[in-house]
Amino acid sequence: MMSEQPNIPFETLISLVEQLPVEQQAQLVRLIQVRRHANALSVTEKMQLLASAQVDRKVNEEPAPRREDWYNDDGR
């Protein structure tokens, strides 16, 4: 593995990938997916993502515990 990352503009990379045959593009996608899975987020990073998606809003009304209140039937 190289110790120094080359500085390739993203647009240049896209242009180069588009020049590859379809089979090699698919192989590249699989390689990226495998590496992404191998470098999965840490628990802390996952918790931060979850926290960023949460909304702190007051619930206007508590849900009813009775099925008939939800579905307007007697459950039969």
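Coordinate-derived values only; no laboratory data. Every value quoted in this text rests on a predicted model; they were computed, and no experiment measured them. In this analysis, Cβ positions are derived from the backbone assuming ideal geometry, glycine residues included, and neighbour counts consider all displayed protein chains.
Kindly provide the set of residues from the stretch 26-76 that are farther than 30 Å from Leu13 by Cα, of a type outside the set (D, E, K, R) and in a loop (DSSP other than H, G, I, E, B), ordered by number.
The answer is Gln54, Val55, Val59, Asn60, Pro63, Ala64, Pro65, Asn72, Gly75.
Hey, among the residues in the stretch 7-25 that are assigned to a helix (DSSP H, G or I) and β-branched (Val, Ile, Thr), which one's surrounded by the fewest Cβ atoms within 10 Å (Cβ to Cβ)?
Our first condition is that a residue be assigned to a helix (DSSP H, G or I); within the stretch 7-25, this holds for 10-19, 22-25.
If we keep only those that are β-branched (Val, Ile, Thr) as well, we get 12, 14, 17, 22.
On the way: Thr12: 9, Ile14: 10, Val17: 12, Val22: 7.
Taking the candidates together, the pick is Val22.
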